[in-house]
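Novice: For reference, the structure I am asking about is given below.
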Amino acid sequence: MRKKLPIGIDGFEKIRSNDFYYIDKTMFIKELLQNWGEVNVFTRPRRFGKSLNISMLKSFFEIGNDPTLFEGLKIAEERELCEKYMGKFPVISISLKSVDGLNFQTALAALKTVIGNEAKGFRFLLESPFLDEKDRTAYERLINVDSQSEASYAMSNVTLIDSLNTLSRLLKQHYGQSVILLIDEYDVPLDKAFQSGYYDEMVNFIRNLLGNALKTNDNLYFAVLTGCLRISKESIFTGLNNLKIHTISDVRYDEYFGFTDADVDEILRFYGLTSYKDVIREWYDGYRFGKVDVYCPWDVINYCDFLLADPEAEPENYWANTSGNDLVRRLLVRSDQTTRDEIEQLIGGDTIAKTLRQELTCRDVEDSIDNVWSVLYSTGYLTLKERLNGKQVKLALPNREVRELFIDLVKEWFQETTLADSARIHRFCTAFPAEDVSTIQDMLHDYLWDSISVRDTAVRMNRKENFYHGMVLGLLQSQGSWRVQSNDETGTGYSDISISTRERTGIVIEIKYANDGNLDGACAEALKQIEDRNYAEGLRRRGMKKIIKYGMAFYKKECMVVKA
């Protein structure tokens, strides 16, 4: 029976014990031990295997683990290392991705739940002969539930701040062995707090929690934290001199998050999908971590799963659709003409030069649009193509998936901004039945200048036409009394846009992209297609007394409109 694909499963034990497919990243363990760091922070974009690696570390190091989970994997060949480290440590492992709330108190309750649930897994401490009554009382404070609500923990804020330190101390006393601390999604509570307006309170709290756990903790063997953003040391890691931060720019550990080219070849061979390598590379490759080219694993696994069900399945935006993509929207909303030109360059397949700031606070993102570029790089929307002088780099969109996302968000942003100016858009629309070609053309040119056009040479002609088609269609659909249809079957084919007005005026619009810059020729071709395919016939059948035919041609930010 074929191995299942682990879609949405980030538990190492579940994957290995239930015959899911697994790309072997276990040598991460060896490198982590060789490149010793007491506190190790890894920042990678979402859906690149951070949680699975955290789960793998727990399965390897934790006392009472199941060593058979690692049979046949690379780390099992390191016999001396396994003998010395496997199953030898108490492990505290938490994820902060659920620490959220509309206010600080709600978020604190969520944090208490996360830590209380983890502490409850060590109930044997209540019977431990190595703990005295005072120690057991300290443990009970971590697991006691609120008498008013069995769903929440009763620990005070003071107890919560010291909870990870307390738990590691008690575990060290019981086992006589220092503790490994694993914290996944460490930056999520800060991001959520910033969005909901209690950032300063949360930063102060997390700083104290992590300071007690990582800085003044003699019971710690080592810690691993993962997140999307490299949060500034001054923000929550104040005074931590034992910190090693590994970002997507660093060479160490570069192959352990995401799929390498060899990983993708392996999974495609296993499932008999090698013929799809080129399309998978086009859509989901293009990331650069350190010195390694990386694919997004979430995309590869999802697309493989679809292909196994339907060999003709088209690639989709799997990664892009797992987030609100607020950062890109924030960039568009705040963009000036220079920024819009840079977004055009990126969509067109070019690079832009930027100075990266990888150590930021959530508030820094709001201070400067340049900081937004840095965060887009850290979170996977942009990738590094070339290093320049100092901290300057050349950035690009990594692949087709992210390019398609940018194009879709640009369309949404354009619709929102143009529809907000009702007087301007009304003037544009009424020029069509009035046969005012010069106004239509001039206003289209203005809209193009204000917008972001698609001029990617790698994009097929119909994709370019679709972009301009969507722009014009969105503008015309603002007229609530008009019947505006896209690709409507009229005559012997489908016209790009057809309009029926209440005054029984029919309008046919055909749009062309002038790939060679010849707008006159493209307009002539558009009008000829309207006549050759008799697009006006469908409007006559609907009772339109007057038919107006427009040919439109676009090239980058240039346009031409002609009327038959």
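Novice: Can you work out which of the residues in the range 89-133 that are in contact (Cβ under 8 Å) with a residue 40 or more places away in the chain, closer than 16 Å to residue 170 by Cα and assigned to a loop (DSSP other than H, G, I, E, B) is most open to solvent (accessible area, probe 1.4 Å)?
Specialist: Selected residue: 130.
Novice: Looking only at residues that are touching a strand residue (DSSP E or B) at 6+ places or on another chain (Cβ under 8 Å) and outside any helix (DSSP H, G or I) in the range 46-66, which one is least open to solvent (accessible area, probe 1.4 Å)?
Specialist: 48
Novice: Next up: How many residues, within the range 73-87, are of a type outside the set (Asp, Glu) and not in a helix (DSSP H, G or I)? Spell out the reasoning first.
Specialist: Narrowing the range 73-87 to residues of a type outside the set (Asp, Glu): 73-76, 79, 81-82, 84-87.
With not in a helix (DSSP H, G or I) added as a condition, the list becomes 73, 86-87.
The number of residues fulfilling the criteria is 3.
Novice: Looking at 199, 175, 256, which is the one that is modelled with pLDDT of 95 or more and more than 17 Å from residue 49 (Cα to Cα)? Spell out how you get there, then give the answer.
Specialist: Working: 199 fails: modelled with pLDDT of 95 or more; 256 fails: more than 17 Å from residue 49 (Cα to Cα).
The unique qualifying residue is 175.
Novice: Between residues in the range 371-391 that are at negative phi and residues that are among the basic types (Lys, Arg) and part of a helix (DSSP H, G or I), which pairs lie under 8 Å by C-beta distance while being six or more apart or on different chains?
Specialist: 372/330
Per-residue answers, yes or no, for (1) more than 21 Å from residue 446 (Cβ to Cβ); (2) surrounded by 20 or more Cβ atoms within 10 Å (Cβ to Cβ); (3) modelled with pLDDT under 90:
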position: 396; (1), (2), (3): yes, yes, no
position: 399; (1), (2), (3): yes, yes, no
position: 411; (1), (2), (3): no, no, yes
position: 416; (1), (2), (3): no, no, yes
position: 419; (1), (2), (3): no, no, yes
position: 426; (1), (2), (3): no, no, no
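Novice: Suppose the filter is within 19 Å of residue 260 (Cα to Cα), open to solvent by less than 40 Å² (accessible area, probe 1.4 Å) and assigned to a loop (DSSP other than H, G, I, E, B); does residue 24 pass it? Give the derivation first.
Specialist: Values: within 19 Å of residue 260 (Cα to Cα): yes; open to solvent by less than 40 Å² (accessible area, probe 1.4 Å): yes; assigned to a loop (DSSP other than H, G, I, E, B): yes.
It is true that residue 24 is within 19 Å of residue 260 (Cα to Cα), open to solvent by less than 40 Å² (accessible area, probe 1.4 Å) and assigned to a loop (DSSP other than H, G, I, E, B).
Novice: If you don't mind, another one. Quick one: is residue 116 modelled with pLDDT of 95 or more, of a type in the set (Gly, Ala, Ser) and under 26 Å from residue 23 (Cβ atoms)? Write out each step before concluding.
Specialist: Values: modelled with pLDDT of 95 or more: yes; of a type in the set (Gly, Ala, Ser): yes; under 26 Å from residue 23 (Cβ atoms): no.
Here the answer is no, as residue 116 does not meet what is asked.
Novice: Go through the range 420-450 and give me each residue that's under 18 Å from residue 336 (Cα atoms), free of Cβ contacts under 8 Å to residues at least 12 places away in the same chain and part of a helix (DSSP H, G or I).
Specialist: Residue satisfying the conditions is 446 alone.
Novice: While we're looking at this one, here's another question. Identify the residue in the range 333-357 that is in contact with a helix residue (DSSP H, G or I) (Cβ under 6 Å, 6 or more places away or on another chain) and at pLDDT below 85 and, among all such residues, is nearest to residue 42 (Cα to Cα).
Specialist: 357
Novice: Let me ask something else about it. What residue, among those in the range 449-485 that are open to solvent by less than 70 Å² (accessible area, probe 1.4 Å) and basic (Lys, Arg), is modelled with the lowest pLDDT?
Specialist: Going residue by residue through the range 449-485, those that are open to solvent by less than 70 Å² (accessible area, probe 1.4 Å) are 450-456, 459, 463-476, 478-479, 481-482, 484-485.
Remaining after also requiring basic (Lys, Arg): 455, 463-464.
Details: 455: 52, 463: 66, 464: 74.
Applying the filter and picking the extreme gives 455.
Novice: When you look at residue 488, is it among the charged types (D, E, K, R) and either open to solvent by less than 10 Å² (accessible area, probe 1.4 Å) or modelled with pLDDT of 80 or more (or both), yes or no? Spell out how you get there, then give the answer.
Specialist: Details: among the charged types (D, E, K, R): yes; either open to solvent by less than 10 Å² (accessible area, probe 1.4 Å) or modelled with pLDDT of 80 or more (or both): no.
The answer is no for residue 488.
Novice: What are the residues in the range 9-36 that are closer than 19 Å to residue 268 by Cα and at pLDDT below 95, if any?
Specialist: Of all residues in the range 9-36, those closer than 19 Å to residue 268 by Cα come to 15, 19-25.
Across the range 9-36, the qualifying residue is only 19.
Novice: Would it be correct to say that residue 516 is open to solvent by 10 Å² or more (accessible area, probe 1.4 Å), at pLDDT below 95 and more than 22 Å from residue 468 (Cα to Cα)? Give the steps one after another, and end with the answer.
Specialist: Numbers: open to solvent by 10 Å² or more (accessible area, probe 1.4 Å): yes; at pLDDT below 95: yes; more than 22 Å from residue 468 (Cα to Cα): no.
Considered against the rule, which asks whether it is open to solvent by 10 Å² or more (accessible area, probe 1.4 Å), at pLDDT below 95 and more than 22 Å from residue 468 (Cα to Cα), residue 516 comes out as no.
Novice: Report those helices (runs of 4 or more DSSP H) wholly inside the range 336-419 carrying at least 2 residues which are over 21 Å from the mean Cα position of the chain (by Cα) and not small (Gly, Ala, Ser). If you could, list the steps in order and put the result at the bottom.
Specialist: Working: elements: 337-347, 364-367, 369-378, 400-419.
Counting at least 2 such residues, we get 337-347, 400-419.
Novice: Same structure again: Kindly evaluate residue 547 against the criterion of being under 23 Å from residue 424 (Cβ atoms) and either part of a strand (DSSP E or B) or modelled with pLDDT under 90 (or both).
Specialist: Details: under 23 Å from residue 424 (Cβ atoms): no; either part of a strand (DSSP E or B) or modelled with pLDDT under 90 (or both): yes.
Considered against the rule, which asks whether it is under 23 Å from residue 424 (Cβ atoms) and either part of a strand (DSSP E or B) or modelled with pLDDT under 90 (or both), residue 547 comes out as no.
Novice: OK, next. Which numbered condition in (1) within 29 Å of residue 230 (Cα to Cα); (2) buried (at least 17 other Cβ atoms within 10 Å of the Cβ); (3) of a type outside the set (D, E, K, R); (4) at pLDDT 95 or above is the only one that residue 69 fails?
Specialist: Checking residue 69 against (1) within 29 Å of residue 230 (Cα to Cα); (2) buried (at least 17 other Cβ atoms within 10 Å of the Cβ); (3) of a type outside the set (D, E, K, R); (4) at pLDDT 95 or above, the one that fails is (1).
The values are calculated or read from the model by the stated rules, or taken from the named source; none is laboratory data. Note that the coordinates shown come from a computational prediction; the quantities given were computed from them, not determined experimentally. Note: ideal-geometry Cβ built from the backbone for every residue, glycine included; neighbour counts use all protein chains shown. Quick note on the areas: whole protein, heavy atoms, side chains included, nothing else; ligands and nucleic acids left out. Shrake-Rupley method; radii C 1.70, N 1.55, O 1.52, S 1.80 Å.
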